[in-house]
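Taking it in order: structure first as structure tokens, then the write-up.
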Amino acid sequence: MNNSSNRIRTSIFALQAIMVLICLVVLGRIFYLQIVQYEVYDELGDQNSIRQEYVEAARGLIYDRNGNLLVDNQPIYSVTITPLNFDDKNIPLLAELLGESDSLVTVLVNDAKRYSRFRTSKLISDIDFKAFSLIQENLWQLPGIGHQIDSKRNYPSEMTGSHVFGYLREADEKDYKETKSIRLGDKIGKSGLELYYQDNLKGDLGINYLKVNALGQSLGKFTEEKIEQPPIQGDNLTTTIDADLQAFAEKLMKGKSGGIVAMNPHTGEILALVSSPEYEVKKLAGRIDKEYWQFINSDSTRPLFNRAISSRQPPGSTFKPLMGIIGLHLGIVTPETEIYNSGYYMRGRPYKDLADPGLYNLESAIAHSSNTYFLNVMDKIATSGKLNTWSRLAKDFGLGVPNQIDLPSANRGILPDSAYLDSRFGKNKWGLGDVLQFGIGQGLVSASPLQIAQMTSSIVNGGYKIEPHLLRAIQRADGSIEQNNRPKEKIDWVKEEYLNAVKKGMRRNVLEGSGRFYAAIPDIEVAGKTGTAQNPLGFSHGWYTSFAPADNPEIVVTVFLENAGFASISAVPVASLILEKYLKGEVKRDWLVNYVLNFVPKEDNSQASASVNE
Amino acid sequence: MNNLRNLNWSIISSWIVLAIIGLVAIYSATQGPVSEFLPDYIQNNFAKQLFFVALAVVLVLLFQFFTPRTYMQLSYLFYGVALLLVILTLFFGTEINGAKSWIRIGGFNLQASELMKIATILATAQYLTSRRDISAENIRYALIAVSMILVPTIFIFLQNDTGTAMVFLALIPVMLFWSGLPYGVSVYIVSPAIILYLTVFDWKFGAIATILIAFLIFMLQKRVWLTITSFITGIITVVGVNVALTDILQPHQIARITAFTNPAFDPTGAGWNVIQAKTAIGSGGLLGKGFLEGTQTQLKFLPAQWTDFISCVIGEEFGFVGLGLLVITFLFLFLKLLRMAGNHKHPFAQLVTVSVTAVFFIHFVVNIGSATALLPVIGIPLPFVSYGGSAFLTNSLMLAICLNMDLYKRDFSIYR
């Protein structure tokens, strides 16, 4: 009893002592701030006072695989506003100095107010130097207005690469609501690598603290407290792109519609990636030209659409080599199995086969693109209830599954299985007739050029899954370099002998099949496979997927041309020239270049029927 | 009901003085020239606060009709209900300024974590004093009491209300200490916080504190193992903070920490708030710039100037005299409350009164400490002064309970 009341007395005393002590410290601190340091803070308060100034970090640079600079930054002049200090009465003066209309400036001022009344944001960017100088001279008349030199993207290389790089746009309200670290007017990646690697490229904003007077004019740096943050430059990207090859491929695609993917089949490194028609990414740097922006958004050719990775078309006969591999694995055929082509394959209805009548084994069926052979294989797969197995096996080659490429909006394509067909047509409402065409890459099977290039790569690299990618290495601001090596995994069920049979067939396609006129390159053994995607709206779309040298492939090139008719006279020469350029460093067949540049689509009407044998 | 004349009028007066200081400051911060920059719903804050002060006066008087037994009997039930509200808030709450602390009930936005403060104090106090043999000296009882405090803390932390969660954490040493935790151990459990704070200034301060605290613990309890443990904990804290400051953190992060600014408070402009707050207070000088005359306040340089940074408004417009008066009033309230606790015979009343005082004190220190850059910026209101209906009502009710137990202290003294 005595003990515990002793303890209570002591405890109360201890707590009271602690509280008195801490309150004395607080009082002392207040005394220090308000009495001892009064002069310092009074001055700051009077001048009202310190402002934050953001120092933009330089956005990371982009290089090609050989170290050529592809994207860097260029200075541009901008005007900033702090709405709190800005008087709307000054809008006419500001508009006059900027050379813009009052109404536009009013809209911009209101945007900035909506972002924040207190924070400084960009009012207008990329004004010419004369307007910038005028603003600078008249700053004293325009409280709340500031100026800033920042940067826009610049593209010094030969290649355009719009669909690879992507464009930047000023962050809109939605963007800065989502991410606290960006401000209105900050430029952020909206597509391509600029979007995919936005967090790497953007760097970290720096903050300076300035003493300013009531008119917003700077009186120099605020140095009483060391709280400024220097900006940290964005990471530099080294891409897998070969700028020369890319520029050449872009040149060949001028005036055409379609996509090209050139890839290292062993690593998945993309050497060139073209989508045509292309917009000009240069015109979207700096202040956006509104008319151009509307044009590329509304034009019927959809220049913003990345056909190389986002389009989805039946692969046609380019799918046949994979069909052969699956047929071999499932034991439906052996490399020696021969199937007779009578001119058509009869199953419920006749399926035309334009290959010369006769016996075909796998190799020659690929070389001459015999439909009968592959319809037969598909027939046996479907009737033995192995449709889902077929779908699963083909997915190992990257078809019908999301792609790993480091670009936004890659299409996953379609590789149907029974669940998909049920959902598409209704349970039990589909039959052999819907499935059979899958064997020749028609019907619901569809893929992007990127996926066909990936499929081809897995065939020619010895049966390895690869991940297509554009980033080779990241160089960070501290100098450290991180290589982007993607995993490579053997597809366990694929045997060397399956691959050899179809690779020989693809080699013979170039020597004796539909590819023979334009595909062959002197001194280089080229192999490939043409294909046609039927287009109910007009000329068929042409496919060609190829690789070289045939015995030890260094490059896979897949070309897809919309409305081009016969692939053998449209897509094949384009791919052939790209192979020549890459493997020989220069193109000697000028006649072929001229042919491609002046190419006009032609179509034999007989090809528009149900089966196409390219 | 006992005669109202027996109420502790010195505590009531300081309560009224603080409420009036708060109303004046809220008026200045929301109705002065600054109102031009503020949306309507914030301009209404003064009227709302006035209503809550009036409501609180009525409630405090009404509470005097209860007897202390009521709180004891209802404490567990109240704890359960409040905890349920806190959990519901986590799922169905409204987010304001990044913290999901408000739940809408019958047209009112209720901050359940505020109610939880009373509930936790009452229930934990009831548990710790329910039987003679329960003492924090016994690890089992101590752990149960700690969990009773920790469970709501976790939910409030998940609501992203770090400041309030910290107040709950601070209750642990206070309540355990009062329930018999040995002096040495009590000092030991608060020592890392003290050493960490001092090490941020200079590792030598941390090292000296480590030695002094170990010595103090030895003097208090004469236990060698406890002294050694305390010493080792101190060393680890000093070394850990030092390694973090010199090797792990980037220079600008260190600058933020040593400038006592909390990056989480405003990621794009850490340090900015603190400078504005110090400028407001510092430029107030001895007598201040006058009511509605503070340039920092009226030009809206201060963030949250009607809640977390309200002391800056007082400091700027009423100077050292105004802010000093505020601190003295608070100290007066704390000392009176502690004296009240000392006069109680019943351990429940003692423990509740001491805990309530501790809650007020922690709010006071963290709030003023943030504004004067003595501590990192942690958003937490100043009791009775900051705008906030839930907070004002709960703080007043805590006071009402203390007053009530004091009023009945003669009928309420039994065992021990």
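The values are calculated or read from the model by the stated rules, or taken from the named source; none is laboratory data. For clarity, every value in this text was computed on a predicted model and none was experimentally measured. Here the Cβ is made from the backbone with ideal geometry for all residues, glycine too, and neighbour counts use every protein chain on show.
Structure notes:
- Checking the range A:482-496 against the condition returns no match, with no residue being surrounded by 13 or more Cβ atoms within 10 Å (Cβ to Cβ) and either closer than 30 Å to residue A:563 by Cβ or at pLDDT below 85 (or both).
Condition check ((1) modelled with pLDDT under 95; (2) more than 19 Å from the chain's Cα centre (by Cα); (3) buried (at least 19 other Cβ atoms within 10 Å of the Cβ)) across all residues:
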position: B:103; (1), (2), (3): yes, yes, yes
position: B:106; (1), (2), (3): yes, yes, no
position: B:110; (1), (2), (3): yes, no, yes
position: B:121; (1), (2), (3): no, no, yes
position: B:127; (1), (2), (3): yes, yes, yes
position: B:136; (1), (2), (3): yes, yes, yes
position: B:139; (1), (2), (3): yes, yes, no
position: B:142; (1), (2), (3): yes, yes, yes
position: B:151; (1), (2), (3): no, no, no
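- Residues satisfying the stated conditions in the range A:342-366, i.e. in contact (Cβ under 8 Å) with a residue 24 or more places away in the chain and either aliphatic (A, V, I, L, M) or within 13 Å of residue A:377 (Cα to Cα) (or both): A:345, A:347, A:354, A:355, A:361, A:362, A:365, A:366
- Any hit, the range A:505-518, residues being closer than 29 Å to residue A:253 by Cβ and hydroxyl-bearing (Ser, Thr, Tyr): yes
- The criterion of at least 3 residues that are aliphatic (A, V, I, L, M) is met by the following strands (runs of 3 or more DSSP E) wholly inside the range A:448-539: A:471-475.
- Within the range A:492-510, the set of residues being farther than 24 Å from residue A:367 by Cβ and in contact (Cβ under 8 Å) with a residue 24 or more places away in the chain comprises A:493 only.
- Number of the condition not met by residue A:444 [criteria: (1) assigned to a helix (DSSP H, G or I); (2) touching a residue at least 24 places away in the same chain (Cβ under 8 Å)]: (1)
- Count of the range A:438-485 residues which are hydrophobic (A, V, I, L, M, F, W, C), under 15 Å from residue A:269 (Cβ atoms) and more than 20 Å from the chain's Cα centre (by Cα): 1
- Number of residues in the range A:191-216 that are modelled with pLDDT of 70 or more, of a type in the set (Gly, Ala, Ser) and assigned to a loop (DSSP other than H, G, I, E, B) equals 2.
- Top-ranked residue of the range B:38-47 - restricted to ones that are surrounded by 14 or more Cβ atoms within 10 Å (Cβ to Cβ) and part of a helix (DSSP H, G or I), ranked as nearest to the other protein chains (Cβ to nearest Cβ): B:42
- For the range B:280-299, taking the residues that are outside any loop (DSSP other than H, G, I, E, B) and not aliphatic (A, V, I, L, M), the one that is nearest to the other protein chains (Cβ to nearest Cβ) is identified as B:282.
- Residue in the range B:305-360 that is nearest to the other protein chains (Cβ to nearest Cβ), counting only those that are without any contact (Cβ under 8 Å) to a residue 12 or more places away in the chain and not aliphatic (A, V, I, L, M): B:342
- The range A:498-519, subset touching a helix residue (DSSP H, G or I) at 6+ places or on another chain (Cβ under 6 Å) and more than 21 Å from residue A:324 (Cα to Cα), residue surrounded by the fewest Cβ atoms within 10 Å (Cβ to Cβ): A:518
- Residue check, residue B:302 at pLDDT below 75, more than 10 Å from every other protein chain (Cβ to nearest Cβ), assigned to a loop (DSSP other than H, G, I, E, B) and in contact with a helix residue (DSSP H, G or I) (Cβ under 7 Å, 6 or more places away or on another chain): yes
- Residues satisfying the stated conditions in the range B:323-353, i.e. aromatic (Phe, Trp, Tyr) and within 16 Å of the chain's Cα centre (by Cα): B:330, B:334
- Count of the range A:257-270 residues, restricted to those that are in contact with a Leu (Cβ under 6 Å, 6 or more places away or on another chain) and surrounded by fewer than 23 Cβ atoms within 10 Å (Cβ to Cβ), is 0.
Results for (1) out of contact with any helix residue (DSSP H, G or I) (no Cβ under 8 Å at 6 or more places or on another chain); (2) at pLDDT below 95; (3) not in a helix (DSSP H, G or I), shown as yes or no for each residue.
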| position | (1), (2), (3) |
| --- | --- |
| B:359 | no, no, no |
| B:364 | no, no, no |
| B:376 | no, yes, yes |
| B:379 | no, yes, yes |
| B:384 | no, no, yes |
| B:413 | yes, yes, yes |
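- The single condition from (1) among the small types (Gly, Ala, Ser); (2) in a loop (DSSP other than H, G, I, E, B); (3) modelled with pLDDT of 60 or more; (4) out of contact with any Gly (no Cβ under 7 Å at 6 or more places or on another chain) that residue A:234 fails is (4).
- Test for residue B:60: is it touching a Pro at 6+ places or on another chain (Cβ under 7 Å) and not in a loop (DSSP other than H, G, I, E, B): no
- Looking only at the range A:74-105, and only at residues there that are part of a strand (DSSP E or B), out of contact with any Gly (no Cβ under 7 Å at 6 or more places or on another chain) and surrounded by 19 or more Cβ atoms within 10 Å (Cβ to Cβ), the one that is farthest from the other protein chains (Cβ to nearest Cβ): A:77
- Residue in the range B:261-279 that is modelled with the highest pLDDT, counting only those that are in a helix (DSSP H, G or I) and more than 7 Å from chain A (Cβ to nearest Cβ): B:277
- Any hit, the range B:344-355, residues being under 18 Å from residue A:21 (Cβ atoms), among the small types (Gly, Ala, Ser) and modelled with pLDDT under 95: no
- Output for the range B:219-234, where each listed residue is farther than 17 Å from residue A:14 by Cα and either assigned to a helix (DSSP H, G or I) or hydrophobic (A, V, I, L, M, F, W, C) (or both): B:224, B:225, B:226, B:227, B:228, B:229, B:230, B:231, B:232, B:233, B:234
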